[in-house]
Number of protein chains: 2
Amino acid sequence: MTRLEHTRPATATGIGRREFGRHLAALAALGPLTLVDHQPAAAQEPQTHDQGMQRLVDALSDDAAGKARIHPATPRQIAMVIYPGMFPLDLVGPHSVLSGLMNTRVHIVAKSKAPVAAGGLTFVPTATFDEVGGPLDVLFVPGGGEGTVAMMRDPALLGFLRRHGATAKYVTSVCTGSLVLGAAGLLTGYRATTHWVTHPVLAKLGATPVNARVVEDRNRITAAGVSAGIDFGLTLAARMTTEKYAKALQLNIEYDPAPPYQAGSPKGAGERITAVMREMYAPIVRAAEAAAG
Amino acid sequence: MTRLEHTRPATATGIGRREFGRHLAALAALGPLTLVDHQPAAAQEPQTHDQGMQRLVDALSDDAAGKARIHPATPRQIAMVIYPGMFPLDLVGPHSVLSGLMNTRVHIVAKSKAPVAAGGLTFVPTATFDEVGGPLDVLFVPGGGEGTVAMMRDPALLGFLRRHGATAKYVTSVCTGSLVLGAAGLLTGYRATTHWVTHPVLAKLGATPVNARVVEDRNRITAAGVSAGIDFGLTLAARMTTEKYAKALQLNIEYDPAPPYQAGSPKGAGERITAVMREMYAPIVRAAEAAAG
């Protein structure tokens, strides 16, 4: 499963670069700390590449086990599902962290290869359900509104989730994505969370609702609404690599939050604003409860 | 400039819905608080639509001026630029907030309509530079790595930015996007910020660097790296509407951050991790300095 080619700009620097080899070329083209096994660029200074990679791994680990977790011998496989109507930030928050894992393939998976319209943006999948082999390291489902409720009843997606949910190292979600995991039977008996407005639906899906931003129960990691995906991504990255590596990923995205208000929870937002939002989402919550059966 | 059609799932609820009219249908299909002027859905309960919209506007404003800012008579126009190699979260963080503004068109603008590969994801633009009329309410540029340095020298993008930068109500950026604004001459004499690792480049672009997460100087609003885009989005939303409306948007994305570590800044991450990241980004920083001229 190859990444899309990135056109190297004609103005790319001729300045001498201390090279981390093909990984830094991939990183620069792809964005932050995206040290994945890419098609090798022209083999430049292979010795320096190995040295550079080794320096990074050494700096962010304390022992051999940590090094092996940062740079696993076999590529990690992460499948991030997308579907019409998802909340883009549910996907992109975690992706901004997980795309920085070394020797890791991140697949953007949908029912077909057709572009997926979601929340005013359009994403292009990299793989269909059928094309993703297992076992996965991470199975991930983002949330959304009405589109997510539809996925609670979608046979193709539920089948994909059941198949991989049985063998994935981690089964994960952000926001109402947990309702889809629940609809696939993957949260029965597990503690879990979801977007604050759909919390009442979890129990109907056999899950034990927990009012926390990121909930870990055995290999299920679920997160609260939308922006909680960043906290989730860093938590998962630490589980899969080392605390230092997760900290480097946090620094990479400069995640030192300073919200201008404290209205990110019903308690902080206060009764009036919470009531407005609850009223607006009532039809979706009812629909989710109906889909939960 | 119309939004892409969103396929209504066949399983869309038949449950009775208290309707906010076409806006709630658009919202449910598009995601959070996306109350934009969409093609009207089948006209359902127009009286209830008006009543529902009015309740929302009333609840989140204190006076007539606030109502007019929440639901402007003329559609707001927001142009969010995308380009190869941008950091997806730079775009999607702010977009998750700004897409919730009422009567607002958010254009995803690129040099052409071809899908744009960025940080392991692929986005489809909605408009090209030539198709965006002014004056804009918001001109926005996301950041990235090497791809962003290339944009500092891209005549088409710089021309687009200069053109709209002269007339936009707000000229904005997240992360290294400010370096592109600077390259277009739009930050000369303005206080501004950027991703922590490229801060030294700002002065070369005639800007006055400020070490803060969101910097507002007259109509320029710039933000620090990547995840700072969410704080930026909420700040800008409050400027354009009301504090209560911005709080509702914050609650919508449940932005009540709880990072597992405090490593989101060089100070918090500590010397060793910061040095690793600085070393990794050194070639990009040098390239940006060279492009700053």
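The values are calculated or read from the model by the stated rules, or taken from the named source; none is laboratory data. As the structure is a prediction and not an experimental result, all values here were calculated from the model. In this analysis, Cβ positions are derived from the backbone assuming ideal geometry, glycine residues included, and neighbour counts consider all displayed protein chains. Surface accessibility is based on the protein's heavy atoms, side chains included, excluding ligands, DNA and RNA. Shrake-Rupley method; radii C 1.70, N 1.55, O 1.52, S 1.80 Å.
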Original post:
Among the candidates B:A224, B:A207, which residue alone is more than 11 Å from chain A (Cβ to nearest Cβ), under 30 Å from B:H164 (Cβ atoms) and of a type in the set (G, A, S)?
Top reply: B:A207
Original post:
Taking helices (runs of 4 or more DSSP H) that do not extend beyond the range A:234-293, which have at least 2 residues that are more than 7 Å from every other protein chain (Cβ to nearest Cβ) and open to solvent by less than 20 Å² (accessible area, probe 1.4 Å)?
Top reply: A:243-252, A:271-292
Subject >> Counted residues, the range B:127-148 - those being of a type outside the set (F, W, Y) and crowded, with 24+ Cβ neighbours inside 10 Å >> reply: 10
**OP:** Quick one: which residue in A:H164, A:H195 is out of contact with any helix residue (DSSP H, G or I) (no Cβ under 7 Å at 6 or more places or on another chain) and closer than 21 Å to A:I230 by Cβ?
**Re:** A:H195
Original post:
What are the residue pairs meeting all of these: first residue in the range B:257-284, first residue outside the structural domain of B:G85 (by TED's automatic domain parsing), second residue of a type in the set (S, T, Y) and at pLDDT below 95, Cβ atoms under 9 Å, and 6 or more apart or on different chains?
Top reply: B:P283/A:T13; B:I284/A:T13
**OP:** Give the residue, chosen from A:A117, A:A59, that is in contact with a helix residue (DSSP H, G or I) (Cβ under 7 Å, 6 or more places away or on another chain), open to solvent by less than 60 Å² (accessible area, probe 1.4 Å), facing chain B (nearest Cβ under 9 Å) and of a type outside the set (S, T, Y).
**Re:** A:A59
Original post:
Going through the range A:177-211 one residue at a time, which ones are under 23 Å from A:P84 (Cα atoms), touching a strand residue (DSSP E or B) at 6+ places or on another chain (Cβ under 8 Å) and open to solvent by 10 Å² or more (accessible area, probe 1.4 Å)?
Top reply: A:L186, A:H199
**OP:** Would you kindly identify the strands (runs of 3 or more DSSP E) lying entirely within the range A:91-132 that contain at least 2 residues that are closer than 20 Å to A:G233 by Cβ?
**Re:** A:104-110, A:121-123
Original post:
Of (1) surrounded by fewer than 20 Cβ atoms within 10 Å (Cβ to Cβ); (2) in contact (Cβ under 8 Å) with a residue 24 or more places away in the chain, B:V106 satisfies all except one. Which?
Top reply: (1)
Original post:
Just wondering, is there one or more residues in the range B:200-221 that are closer than 30 Å to A:R278 by Cα and assigned to a helix (DSSP H, G or I)?
Top reply: no
Subject >> Tally of residues being in a helix (DSSP H, G or I) and either free of Cβ contacts under 8 Å to residues at least 40 places away in the same chain or within 8 Å of chain A (Cβ to nearest Cβ) (or both) across the range B:69-90 >> reply: 2
Original post:
Do we find that A:A292 is small (G, A, S) and touching a residue at least 24 places away in the same chain (Cβ under 8 Å) in this structure?
Top reply: yes
Subject >> Close pairs from the range B:190-214: first over 18 Å from B:L158 (Cα atoms), partner among the charged types (D, E, K, R) and part of a loop (DSSP other than H, G, I, E, B), Cβ under 6 Å, at least 6 apart >> reply: B:W196/A:E254
**OP:** Return the total of residues in the range A:160-174 being in a loop (DSSP other than H, G, I, E, B) and under 22 Å from A:R69 (Cα atoms).
**Re:** 3
**OP:** Would you check which residues across the range A:103-140 are farther than 21 Å from A:G229 by Cβ and of a type outside the set (S, T, Y) and list them?
**Re:** A:N103, A:K111, A:K113, A:A114, A:P115, A:F129, A:D130, A:E131, A:G133, A:G134, A:P135
Original post:
Between a first residue in the range A:53-65 that is outside the structural domain of A:T242 (by TED's automatic domain parsing) and a second residue that is assigned to a helix (DSSP H, G or I) and of a type in the set (D, E), which pairs have beta carbons less than 8 Å apart while being 6 or more apart in sequence or on different chains?
Top reply: A:R55/B:E279
Subject >> Qualifying positions in the range A:137-159 - part of a helix (DSSP H, G or I) and either under 10 Å from A:G85 (Cβ atoms) or polar (S, T, N, Q) (or both) >> reply: A:E146, A:G147, A:T148, A:V149, A:A150, A:M151
Original post:
Here is a list of conditions, (1) touching a residue at least 12 places away in the same chain (Cβ under 8 Å); (2) open to solvent by 10 Å² or more (accessible area, probe 1.4 Å); (3) among the hydrophobic types (A, V, I, L, M, F, W, C), and B:A166 meets all of them except one; can you say which number that is?
Top reply: (1)
Subject >> Tally of residues being farther than 19 Å from A:P88 by Cβ and in contact with a Lys or Arg (Cβ under 8 Å, 6 or more places away or on another chain) across the range B:222-235 >> reply: 1
Subject >> Which numbered condition B:V214 misses (of (1) open to solvent by 10 Å² or more (accessible area, probe 1.4 Å); (2) over 17 Å from the mean Cα position of the chain (by Cα); (3) within 25 Å of B:V149 (Cβ to Cβ)) >> reply: (2)
